Amino acid sequence: MTMTAHQETIDQADQPLLRVRGLSKHYGMITGCRDVSFEMRPGEVLGIVGESGSGKTTLLNCLSGRLPPSQGRVEFNASRHGLVDIYDLSEPDRRRMQREDWGFVHQNPRDGLRMRVSGGANVAEPLMNLGRRHYGDMRQASLDWLNRVELDLSRIDDKPRTYSGGMQQRVQIARNLIHAPRLVFMDEPTGGLDVSVQARLLDLMRELVRDLGLAAILVTHDMAVARLMADRLMVMKSGAVVETGLTDQVLDDPQHPYTQLLVSSVLQI
Amino acid sequence: MNAQSNDAALTATSNSPERYYTYGYLDEQTKRMIRRAILKAVAIPGYQVPFGSREMPVPYGWGTGGIQLTAAIIGPDDVYKCIDQGADDTTNAVSIRRFFAKVADVATTEDTAEATIIQSRHRIPEHPLKDGQIMVFQVPQPEPLRGLEPREMETRAMHAYEEYGLQYVSLYENVSAFGRIAATAGYPVMVDERYLMSPSPIPKFDNPKLHNSQALMLFGAGREKRIYAIPPHTTVRSLDFEDYPFETQKWEESCALCAADDSYLDEVVLDDQGQRMFVCSDSHYCSDRRAQGLRGPMAGHELVDIDKDAGQ
Ligand SMILES: Nc1ncnc2c1ncn2[C@@H]1O[C@H](COP(=O)(O)OP(=O)(O)O)[C@@H](O)[C@H]1O
Ligand SMILES: [Mg+2]
Ligand SMILES: [Zn+2]
């Protein structure tokens, strides 16, 4: 379990950040997703695309430790454990890994924010969860992050319910990046927003992901969002992955008929 | 199924034939169940033990949790004190004290040093508690995380895995809004550096009295069906930030009646001209000091009729 710094460096370099093998999830007779396998490297942004009901959310929840799969393995290179099947960890260990190494941005900010506490406290909470106890430092970090996501700083002590949807989503993003996670999960992060708000937020997210060298798994049904954000795409249909590849390749030269349909049915950007 | 419990024996000797209720009001089964919960609570300081809270002859919010604790531990040799805020003479305190005088045949007192069981909701007496004494607290909301996390499953997991970052979020909100940790009552503490605990609505002024106390502290929440405890000589730390350390309330004034400068003070309005004074919230502590001849600036003032309760 304990590794020397030297060994750890080797592990970081040689091992994938995430390795998924034969992952399936059935809801009774219904298939959520089936036989999904892939690997991700640090700093990579993976887009999961497909029409509604194709299994994107199911897969994301299995990957992020929220939904135990029916079969298969989800191995993550955790800072405390190295490459480990997240469902083999004890519950407290898994919760700690989720706090320390991950972020999760929900489509609906209400699911990802504490609506009873201020925007600033929402952003600072992950630091407190990691044991930080210096108010002034956390306040400053919270201000820095709200500034980074372009939130009006005079609103820092207001409750999220007084924010617009776009502002709420910015706060949720700041809250999920402040602790420098190794991997961020995002489920349709711009899905609930007006088109104009979406565009600005997407630009911002793209900058953050690039600047931080962040690894992210992004679920979207919107090919434009996928093209803008993702290095690599996984196309899902009826719970199965039908095509994977570099984003430009998949979008410009789709091989699978379903992908061709998906790509042609949206406005090109 | 030997029904000859200790209490039953006591009841037989201490009861007159007219007594129709069980000693200490609760039936023996219930008392045993509560005692088991108390033992567990003492064994795991600060941990909230679920128990089968019973209907009591007072409404929830009037101290049903505390009354059940007292009923389960009291015996005829006990000397019972009950306070509401800091006072022995309010309706609620008088009623509960009379209740136990009747159903448990115990002597009652207002003297903190003399009491073996002290039931309270809002205060810990100023007179230092000693070995052998038991404080019984009536708790309205035992879960310190409830205001921030409404899901019971989640707060249970947080206690189980010692995930207490969320409690600091409420302190953070306090500092952001008021420039200091303004929370005054029910101020959260870590017990034995393991369990996060809400010390009922006592003022944070009383929090230091929880730390390394010689007395056993029992907490009962009737409606929420929880019992928890701080055994004697247990470490109790009030949460704070490195740059905003825990502080208790302080007053510029000293008690207008007994001149105490170390006690928790209540503001009292004297007349409709807006005259006010600060007096000890612990009524017995104050009258005791006055009986010793200690006098504050308002002692003997025409607006303050204290001579009769000064115990002279
Ligand atoms: N909790 C559930 N119980 C039963 N079936 C579910 C549940 N969640 C999702 N499904 C089904 O699993 C399939 C994939 O759903 P989902 O993962 O939500 O897809 P997407 O996110 O791509 O819209 C759908 O057929 C859906 O009806
Ligand atoms: Mg979905
Ligand atoms: Zn006084």
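The table below gives the values:
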read-out: Of every Cα-Cα pair in region B:192-312, the percent that sits beyond 19 Å; value: 60
read-out: Relative contact order of chain B, defined on C-alpha pairs under 8 angstrom at six or more residues apart (%); value: 18
read-out: Proximal charge balance of B:P232 [Cβ under 15 Å; K/R count +1, D/E count -1]; value: 0
read-out: Order of B:E247, B:E55 under a 10 Å beta carbon neighbour criterion, fewest first; value: B:E55, B:E247
read-out: Spacing of the two label points (7 Å from each Cα toward its C-beta) at A:D144 and B:D27, in nm; value: 6.4
read-out: Global form of region B:97-149, assessed from the alpha-carbon gyration tensor, a/c cut-off 1.5; value: oblate
read-out: Sites A:Q255 and A:D111, calculated FRET efficiency, Cβ-Cβ separation with R0 35 Å, nearest 0.05; value: 0.50
read-out: Region B:263-303 - Debye-derived log10 I(q)/I(0), Cα point model, q = 0.32 Å⁻¹; value: -1.20
read-out: Built amide H within the under 5 Å cut-off of B:A107, gap 5+; value: B:Y80
read-out: Estimated FRET transfer efficiency (B:Q292, B:N212; beta-carbon r; R0 22 Å; 0.05); value: 0.20
read-out: The protein assembly as shown: Lys pairs at Cα distance under 12 angstrom, eight or more positions apart or on different chains; value: 4
read-out: Estimated vicinal HN-Hα couplings, Hz - region A:157-174 in sequence order (Karplus 6.51, -1.76, 1.60; Gly, Pro = x); value: 9, 7, 6, x, 5, 8, 8, 6, x, x, 5, 4, 5, 4, 4, 5, 5, 4
read-out: Rounded FRET efficiency, nearest 0.05, which uses the C-beta distance separating A:L204 from A:L67 and R0 of 41 Å; value: 0.90
read-out: Relative contact order (%) - criterion: Cα under 8 Å, at least six apart; region: region B:213-269; value: 20
read-out: Mean ellipticity per residue at 222 nm, deg cm²/dmol - from DSSP H runs of n ≥ 4 across the protein assembly as shown, formula -39500 (n - 2.57); value: -10000 deg cm²/dmol
read-out: Contact order normalised by residue count of region B:48-182, Cα under 8 Å, 6+ apart, percent; value: 21
read-out: Low-density loop positions, trypsin sites (Lys or Arg not before Pro), region B:64-132 - DSSP coil, at most 15 other Cβ in 10 Å; value: B:K130
read-out: Ranking of B:E163, B:E253 by count of other Cβ atoms within 10 Å, fewest first; value: B:E253, B:E163
read-out: Paramagnetic reach from A:L130 (point 7 Å along Cα→Cβ, amide N under 19 Å) across region A:198-231; value: A:208-217
read-out: Rounded if a/c under 1.5, otherwise prolate or oblate - region A:1-142, Cα gyration tensor axes; value: oblate
read-out: Convex hull projection area averaged over all views, region A:12-88, Cα basis, nm²; value: 5.3
read-out: 3J(HN,Hα) from dihedral phi, region B:151-161, Karplus parametrisation 6.51/-1.76/1.60, rounded to Hz, x for glycine, proline; value: 7, 4, 4, 6, 5, 5, 4, 4, 5, 4, 9
read-out: Residue-count net charge about A:R200 - beta-carbon cut-off 12 Å; Lys, Arg +1, Asp, Glu -1; value: -2
read-out: Three-way shape label, region B:70-129, alpha-carbon gyration tensor, a/c 1.5; value: oblate
read-out: Gain on full stretching of the segment that runs from A:S90 to A:S164 - 0.36 nm per residue minus C-alpha separation; value: 22.8 nm
read-out: Dimensions in Å of chain A - Rg and Dmax from alpha carbons; value: 18.6, 56
read-out: Kirkwood Rh, Cα atoms: Rg over Rh of chain B; value: 0.99
read-out: Selected from B:Y264, B:Y60, B:Y161 as most flexible by GNM, with chain B as the system and alpha-carbon contacts under 10 Å; value: B:Y161
read-out: Under Karplus coefficients 6.51, -1.76 and 1.60, residue-wise ³J(HN,Hα) of region A:183-200 in Hz, glycine/proline x; value: 8, 10, 9, 9, 10, 6, x, 10, x, x, 9, 4, 4, 5, 5, 3, 4, 5
read-out: Projected area averaged over orientations for the protein assembly as shown, convex hull of C-alpha atoms, nm²; value: 35.4
read-out: Spatial separation of Cα centroids for region B:77-152 and region B:215-292, in angstrom; value: 14
read-out: Exposure proxy order (Cβ contacts within 10 Å, fewest to most) of B:W62, B:W251, A:W145; value: B:W251, B:W62, A:W145
read-out: Orientation-averaged projected area, Cα convex hull of region A:115-263 (nm²); value: 10.0
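Since every read-out is calculated from the coordinates, none of them should be taken as a lab result. Treat the numbers as computed from the prediction; the structure is a model and nothing was measured. As a convention, Cβ positions derive from the backbone with ideal geometry for all residues, glycine included, and neighbour counts pool all protein chains shown.
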